[in-house]
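Visitor: After the structure tokens below, expect a handful of questions from me.
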Amino acid sequence: GKKGPQKGQQKKPKRPEPTASELRAARLGKAETMRAAGVEPYAYGYAARTTTAGELRAAYDGRLADGEEDADGPVAGIAGRIVARRVFGKLAFFTVRDGSGAEVQIYADAGRLGERFAELKAWTDTGDIIGVSGTVKRTDKGELSIYAQEWTMLTKSILPLPDKYRGLTDVSTRYRRRHLDLIANPSVRDTFLARSRMISALRRALDSRGFLEMETPVLESQPGGAEAKPFETHHNALGLDLTMRIATELHLKRLVVGGFDRVYEVGRIFRNEGVSTRHNPEFTSVELYQAYADYDDMMELCEDLVVGMAEAAGKGTSVPYGEHTVNLAKPWRRVTMHDIVREQIPDFDFAALDPADPAALDAARAAAVAAGARSAADKNSVGEVLNACFEDLCEETLIQPTFVTDYPVEVSPLAKPHRSKPGLTERFELFAVGREHANAFSELTDAVDQRGRFEAQAAKRDAGDEEACGVDEDFLGALEQ
């Protein structure tokens with residue numbers, strides 16, 4: 001049977017886990033030991049790097065039997081971070097992850113490395129970035145490995161990585177310390193890669209259609225192009241109070257006035273509003289403008305761009321999202337705001353109301369509140385009540401890609417009036433998974449109409465609406481030309 005402690009003997013107490021400060025001190029000590037031995041723990045480069053873990057795995061896929069070494073093959077050199085480390089008497093096995101996102105095992109033994117094996121054991125920790133070169137072999141257990149014949153410390157890690165088994169799960173920490181999130185949760189890397197491929201595909205698609213990428217000012221004297229509260233700042237040298245841009249729209253439109261028919265910008269936007277999973281104070285948007293085109297043209301372009309980006313990210317047109325599967329196959333549904341609100345309030349028709357009739361507003365408010373659109377109670381026009389009904393009752397129901405079209409003029413200060421529907425504009429927003437993803441319209445080119453819209457927005461701002469814009473005289477001057 002199992003033997004316990006002999007009578008009179010006390011079981012040795014379990015050694016406490018070292019604290020983070022103790023681990024840090026130990027690692028700093030190793031760095032100093034290396035320097036004392038004439039070895040720099042923070043290298044300037046690694047010329048022996050010949051491949052990546054991903055390339056190596058692809059090159060040896062289906063090659064080498066278990067226990068076989070490619071002794072006559074090329075020496076492979078990689079550089080990456082130690083994410084797992086097992087050290088025995090005369091053997092050591094490290095798992096190294098590099099910039100390809102893949103991992104490869106390092107097989108080290110005292111016979112091949114000589115005195116450097118003892119240094120490998122003594123100086124390295126999980127989290128260190130090392131360079132290793134050697135032949136390629138597959139271990140007896142079938143693990144593709146680099147059979148080390150040389151190693152170099154590239155960057156000595158001072159702080160330990162997150163716990164291997166518990167990982168990094170705190171959402172706030174993951175967002176604030178993205179480097180740890182990427183190290184501890186390799187799948188996060190796929191999100192970053194997908195985003196990069198999507199932005200590259202977006203640029204290629206627009207460039208191929210004759211659009212020119214532009215850069216416009218971030219600091220502005222008059223915020224415009226959206227209804228949003230701006231960040232405020234001050235230019236010391238000029239003594240000017242400025243805001244950070246809430247949209248790139250008005251500057252890009254100036255470029256169209258100046259003679260560029262197709263322009264776009266992929267840029268950072270800053271809005272001093274709430275923070276949630278759907279809102280961030282700074283975010284990246286793409287805005288594009290095409291002369292001689294209307295909102296129907298923009299809907300077709302939007303479909304093409306989104307599908308192209310999804311395909312570039314490797315997602316195809318069927319994309320899982322939470323409990324839903326989003327079908328991006330074209331064409332997407334197109335529905336007017338009036339019609340989709342009528343689906344939720346079938347007994348009331350906003351389109352039948354006369355906006356000039358004072359009783360229409362009261363009737364609209366009453367119908368909206370009765371249907372559950374509580375935000376409609378304090379709206380001051382039929383168009384605003386209609387928009388409130390859409391936002392409160394319809395938006396979250398739109399799971400599949402849907403273009404909602406023909407918005408009220410009251411909530412669309414930069415859109416052209418609808419050519420056949422008074423009180424509405426030729427505007428659409430794209431919705432999917434219950435949220436907005438794009439906004440576009442036939443551009444308002446009537447400078448007199450635009451001034452009136454700006455003045456209405458300025459009145460709202462003076463009345464306390466922090467998201468309303470003011471009158472941008474510079475833009476109006478460009479539009480008049």
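The values are calculated or read from the model by the stated rules, or taken from the named source; none is laboratory data. Everything numeric here is computed off the predicted structure, so don't read it as measured data. Neighbour counts run over all protein chains shown; Cβ positions are idealised from the backbone, glycine included. Please note that ligands, DNA and RNA were not included when accessible areas were found on the heavy atoms of the full protein model with its side chains. Shrake-Rupley method; radii C 1.70, N 1.55, O 1.52, S 1.80 Å.
Visitor: I need every pair where a residue in the range 271-287 that is more than 20 Å from MET214 (Cβ to Cβ) has its Cβ under 7 Å from the Cβ of a residue that is of a type in the set (A, V, I, L, M, F, W, C), sequence separation at least 6 or different chains.
Guide: Sorted first by the residue in the range 271-287, then by its partner, the pairs are ARG271/ALA228; ARG271/ILE246; ASN272/PHE231; GLU273/ALA228; PRO281/PHE270; PRO281/VAL275.
Visitor: Need the failing condition index for GLY383 against (1) closer than 16 Å to GLU249 by Cβ; (2) touching a helix residue (DSSP H, G or I) at 6+ places or on another chain (Cβ under 9 Å), just the number.
Guide: With (1) closer than 16 Å to GLU249 by Cβ; (2) touching a helix residue (DSSP H, G or I) at 6+ places or on another chain (Cβ under 9 Å) applied to GLY383, the lone miss is (1).
Visitor: Which of the numbered conditions does THR216 fail, given that it passes all the others? Conditions: (1) of a type outside the set (Asp, Glu); (2) at pLDDT 95 or above; (3) in a helix (DSSP H, G or I); (4) touching an Asp or Glu at 6+ places or on another chain (Cβ under 8 Å).
Guide: Of the numbered conditions (1) of a type outside the set (Asp, Glu); (2) at pLDDT 95 or above; (3) in a helix (DSSP H, G or I); (4) touching an Asp or Glu at 6+ places or on another chain (Cβ under 8 Å), the odd one out for THR216 is (3).
Visitor: Which condition does GLU300 not pass, out of (1) open to solvent by 70 Å² or more (accessible area, probe 1.4 Å); (2) in a loop (DSSP other than H, G, I, E, B), if it passes all the others?
Guide: (2)
Visitor: If ARG203 meets every condition in (1) open to solvent by less than 50 Å² (accessible area, probe 1.4 Å); (2) in contact (Cβ under 8 Å) with a residue 60 or more places away in the chain apart from one, which number is that one?
Guide: (1)
Visitor: Have a look at GLY62, GLY45 and point out the one that is without any contact (Cβ under 8 Å) to a residue 60 or more places away in the chain, open to solvent by 40 Å² or more (accessible area, probe 1.4 Å) and within 32 Å of the chain's Cα centre (by Cα).
Guide: GLY45
Visitor: Considering GLY224, GLY314, which residue is buried (at least 19 other Cβ atoms within 10 Å of the Cβ) and of a type in the set (Gly, Ala, Ser)?
Guide: Values: GLY314 fails: buried (at least 19 other Cβ atoms within 10 Å of the Cβ).
Answer to the check: GLY224.
Visitor: Among the residues of the range 317-347, which ones are open to solvent by 40 Å² or more (accessible area, probe 1.4 Å) and of a type in the set (Phe, Trp, Tyr)?
Guide: Within the range 317-347, TYR321 is the sole residue that qualifies.
Visitor: Give the residues of the range 396-406 that are out of contact with any His (no Cβ under 9 Å at 6 or more places or on another chain) and closer than 25 Å to ASP297 by Cβ, sorted by residue number.
Guide: LEU398, THR402, PHE403, VAL404, THR405
Visitor: Could you name every one of the strands (runs of 3 or more DSSP E) located completely within the range 68-110 that has at least 2 residues being buried (at least 19 other Cβ atoms within 10 Å of the Cβ), free of Cβ contacts under 8 Å to residues at least 40 places away in the same chain and of a type outside the set (D, E, K, R)? Please lay out each step first, then the result.
Guide: Details: elements: 76-87, 91-97, 103-109.
Filter on the range 68-110 gives 91-97.
Visitor: ALA110 - would you say it is in contact with a helix residue (DSSP H, G or I) (Cβ under 7 Å, 6 or more places away or on another chain) and either modelled with pLDDT of 95 or more or among the hydrophobic types (A, V, I, L, M, F, W, C) (or both)? Steps first, please.
Guide: Numbers: in contact with a helix residue (DSSP H, G or I) (Cβ under 7 Å, 6 or more places away or on another chain): yes; either modelled with pLDDT of 95 or more or among the hydrophobic types (A, V, I, L, M, F, W, C) (or both): yes.
So ALA110 fits the description; yes.
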